[in-house]
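The values are calculated or read from the model by the stated rules, or taken from the named source; none is laboratory data. Predicted model, so just to flag it, every value in this text is computed and none were measured. So basically every Cβ, Gly included, is an ideal-geometry build from the backbone, and we count neighbours across all protein chains shown.
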C-alpha cells in the first residue's frame with residue numbers, strides 16, 4: 001500500500017454540514033470528510049477526461065472512485081511550528097480527559113479514575129508520548145435571511161445562521177492505493193487546482209485549493225506494536241461503520257469485538273471507551289443523501305491483548321481500515337498511539353496574535369452586547385449537547401412518544417429540581433420505560449436525575465476558552481445567572497425530547 005499526501009486550503013468560508021439541534025442553525029464539521037474529498041477528486045478526474053455524462057463507463061473512474069481502489073482519508077487540521085515541524089491533528093481520543101478540578105490530563109485507558117471526576121476534551125490534538133498539544137479549528141457565524149422561493153425575495157423576520165470553517169486554514173489527508181494507480185492518478189489530475197466543496201458552494205462558500213504534496217507515492221508506514229506484556233492501544237482516527245449479523249450498522253462493542261476477532265485471529269479487547277453517533281453524507285451528483293449509518297465516532301479507543309497475534313495481520317488491518325466505506329475515510333485507525341497514563345498539556349499550537357488591550361474601560365452598552373453574544377453561544381451549545389446526548393440512547397429501546405411528549409411538557413413548566421423530582425412521581429410503567437432506555441453509561445431515569453450544571457459543563461469545553469476569557473473581561477458569570485440557567489435547562493430537555501420523538505417516529 002502506497003500513499004500521496006494532500007493539502008486542502010480554505011480560500012472562502014467552508015460549510016461541511018453537521019447535525020445540529022437548532023432548525024435555524026446550519027452547523028459545520030471541523031474537518032473535511034474523506035467522502036467530500038472523494039467528490040472533489042472525482043470531479044477533477046471527470047473534467048480532465050471530459051467524461052461528465054458517462055464517467056461510470058471509464059475503467060479508471062470505476063475502479064478508483066466506485067469500486068474503492070483509491071482510499072481517501074479524512075483531512076484534519078494541519079499546523080507547522082517555528083522549527084518547521086509539521087503536524088496533523090486528530091480528534092482527541094475519548095479516554096484522554098481532564099480532571100474536573102485539578103485540571104490534570106489522564107488517559108483512562110491506563111489510569112484508574114474511579115474516585116475522581118473527569119471531563120472530555122472536545123478538540124483536535126497531536127501528542128508525543130506524554131505531551132499533549134491541542135488545536136482548535138477556527139470557525140465563524142454568518143446570518144442569512146430565508147428566501148421566498150416563489151417570489152425570489154427575502155422573507156421578513158426569518159433568519160438562519162451558517163457556521164463555517166474560516167478561510168486560510170490548511171487540512172491534510174492521504175490518498176492511498178497501489179503505486180501504479182497513484183502515479184497514473186497524479187499525472188492526470190496534476191498537482192494543484194482550485195475547487196469548491198461543501199454546502200452553498202455556488203454562492204459565497206466553499207472555495208478551496210487542493211494540492212498534492214508528494215512527488216511520488218511512498219509506502220504507508222508499518223506500525224511498531226512491540227510490547228512486553230502484549231498490550232497495545234487501538235485508536236479510531238475517523239468514524240467507523242460496523243455491520244452486525246443482520247446487515248445493520250451498530251455501535252455495539254460486542255459486535256466490534258466479534259468483527260476484530262474475525263479479521264485478526266487471537267486478538268482480544270480488554271478495555272474500551274467509545275462514543276456513538278451517526279454518519280450521513282450527501283452525494284452531489286445524485287442530489288440525495290446516503291442512508292444514515294450508526295457508527296463508532298472518531299476518538300473511540302480500545303486496549304488490545306495482541307500477545308497471540310501475528311504482527312503482519314495487524315498491519316494489514318491498519319492498511320485496509322476497519323468496517324465499511326473505508327474508501328470514504330471511514331475506519332481509519334492507529335495502533336500504539338496511546339501509551340501513557342498521565343499527560344502534560346503543551347502550549348496550544350498556532351496561538352492567536354494578542355492585540356494590545358485598550359486603556360479605557362469597556363462601555364456599558366458594549367458589555368450588554370457581549371453578554372448577549374455569550375448567552376447566544378451557550379444557548380447554541382446547550383441545544384447541540386442535547387441533540388448529541390439523546391442520540392447516544394439506544395434506538396431500539398427509546399421511550400414511547402407519548403411519554404417523551406409528557407416529559408417535554410413537564411420540563412417546560414417546572415424548574416430544574418422540580419423536574420428531576422417529578423419523574424419519581426410518574427406511574428410505574430413510565431418509570432420502567434425510563435429505566436429500560438439507556439446509553440452506554442446510564443439509564444434515562446438516572447440521566448435526568450443527574451443532569452445539572454449545564455452552564456458549567458458547556459463552559460468547561462476547551463473550545464469555550466475564548467468565551468470564558470470574555471466573561472472574565474466583562475465580569476459576567478453565566479453560572480450564577482439563575483434566570484438564564486432556568487431557561488437553558490428547559491431548552492435542553494425540550495430539544496432532547498423533541499429530537500428523541502423524531503428518532504422514534506422515523
### Task
Just give me the residues in the range 402-442 being farther than 30 Å from residue 94 by Cβ and not in a helix (DSSP H, G or I), in sequence order.
414, 415, 426, 427
## Note on the structure
Residues of the range 184-205 being under 30 Å from the mean Cα position of the chain (by Cα) and loosely packed, with under 15 Cβ neighbours inside 10 Å, in sequence order, are 191, 192, 194, 202, 203, 204
### Query
Would the range 206-221 turn up any residue that is out of contact with any helix residue (DSSP H, G or I) (no Cβ under 6 Å at 6 or more places or on another chain), surrounded by fewer than 18 Cβ atoms within 10 Å (Cβ to Cβ), under 30 Å from residue 392 (Cβ atoms) and touching a residue at least 40 places away in the same chain (Cβ under 8 Å)?
no
### Query
Are any residues in the range 299-317 in contact with a strand residue (DSSP E or B) (Cβ under 7 Å, 6 or more places away or on another chain) and at negative phi, and if so, which ones?
300, 301, 302, 303, 304, 305, 306, 314
### Query
Of the residues 8, 40, which single one is assigned to a strand (DSSP E or B), touching a residue at least 60 places away in the same chain (Cβ under 8 Å) and either under 21 Å from residue 186 (Cα atoms) or over 20 Å from the mean Cα position of the chain (by Cα) (or both)?
8
### Query
Scanning for something assigned to a loop (DSSP other than H, G, I, E, B), at pLDDT 75 or above and crowded, with 17+ Cβ neighbours inside 10 Å, does the range 167-183 turn up at least one residue?
yes
### Task
Determine if the range 294-305 includes at least one residue that is within 30 Å of residue 490 (Cβ to Cβ) and surrounded by 14 or more Cβ atoms within 10 Å (Cβ to Cβ).
yes
#### Entry: residue 100 vs. criteria under 30 Å from residue 376 (Cα atoms), out of contact with any helix residue (DSSP H, G or I) (no Cβ under 7 Å at 6 or more places or on another chain) and either in contact (Cβ under 8 Å) with a residue 40 or more places away in the chain or not assigned by TED's automatic domain parsing to the domain that holds residue 380 (or both)
yes
### Query
Residues 378, 399: which one is outside any helix (DSSP H, G or I) and in contact (Cβ under 8 Å) with a residue 24 or more places away in the chain?
399
### Counted residues, the range 297-324 - those being under 17 Å from the mean Cα position of the chain (by Cα) and assigned to a loop (DSSP other than H, G, I, E, B)
4
### Selection within the range 385-396 - in contact with a helix residue (DSSP H, G or I) (Cβ under 9 Å, 6 or more places away or on another chain) and either in the same structural domain as residue 251 (by TED's automatic domain parsing) or assigned to a helix (DSSP H, G or I) (or both)
385, 386, 387, 389, 390, 391, 395
### Query
Applying the selection to the range 48-100, what residues are assigned to a loop (DSSP other than H, G, I, E, B) and closer than 18 Å to residue 326 by Cβ?
67, 68, 69, 70, 73, 74
### Task
Would you point out which residue out of 472, 502, 465 is closer than 14 Å to residue 377 by Cα and surrounded by fewer than 17 Cβ atoms within 10 Å (Cβ to Cβ)?
465
### In the range 104-117, the residues that are over 20 Å from residue 237 (Cα atoms) and surrounded by fewer than 18 Cβ atoms within 10 Å (Cβ to Cβ)
104, 112, 113, 114, 115, 116, 117
### Query
Within the range 325-351, can you find the residues that are assigned to a loop (DSSP other than H, G, I, E, B) and either modelled with pLDDT of 90 or more or crowded, with 21+ Cβ neighbours inside 10 Å (or both)?
325, 329, 330, 331, 332, 338
### Test for residue 272: is it crowded, with 17+ Cβ neighbours inside 10 Å, at pLDDT 85 or above, outside any helix (DSSP H, G or I) and in contact with a helix residue (DSSP H, G or I) (Cβ under 7 Å, 6 or more places away or on another chain)
yes
